[in-house]
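Encoded as structure tokens, the structure appears first; notes follow it.
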Amino acid sequence: MYVSAKFKTKKSLKDAIKSGEEVYAMSNSLFPESGTGNAILQMPVDYHKWYAQIVIENYKIISVK
């Protein structure tokens with residue numbers, strides 16, 4: 001999964017979620033993941049420099065581990 005905005009680091013994503021910014025996850029698979037539950041985030045889209053385990057609800061990121 002990817003996110004709707006480009007975050008250079010996992011910390012910047014965590015800070016955005018903590019500050020109340022709405023960030024949505026997107027699936028790029030032929031068999032998309034469920035929009036609710038746990039998922040793995042691969043960022044940035046161009047080259048996978050970092051990964052994060054996320055909790056999503058209707059594709060909105062609730063928390064980042």
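Conditions: (1) surrounded by 11 or more Cβ atoms within 10 Å (Cβ to Cβ); (2) in contact with a Gly (Cβ under 6 Å, 6 or more places away or on another chain). N58 meets all but one. Number of the miss?
(1)
Does at least one position in the range 16-28 carry a residue that is touching a residue at least 40 places away in the same chain (Cβ under 8 Å) and of a type in the set (K, R)?
No, every residue in the range 16-28 fails to be touching a residue at least 40 places away in the same chain (Cβ under 8 Å) and of a type in the set (K, R).
Inside the range 1-25, can you point out the residues that are among the aliphatic types (A, V, I, L, M) and either more than 14 Å from E57 (Cα to Cα) or exposed (fewer than 14 other Cβ atoms within 10 Å of the Cβ) (or both)?
Those that are among the aliphatic types (A, V, I, L, M) and either more than 14 Å from E57 (Cα to Cα) or exposed (fewer than 14 other Cβ atoms within 10 Å of the Cβ) (or both): A5, L13, A16.
No lab work stands behind these numbers, since they all come straight from the coordinates. Nothing here was measured: the structure is a model prediction, and the numbers come from that model. For neighbour counting, all protein chains shown are included, and Cβ atoms are generated from backbone atoms with ideal geometry for every residue, glycine included.
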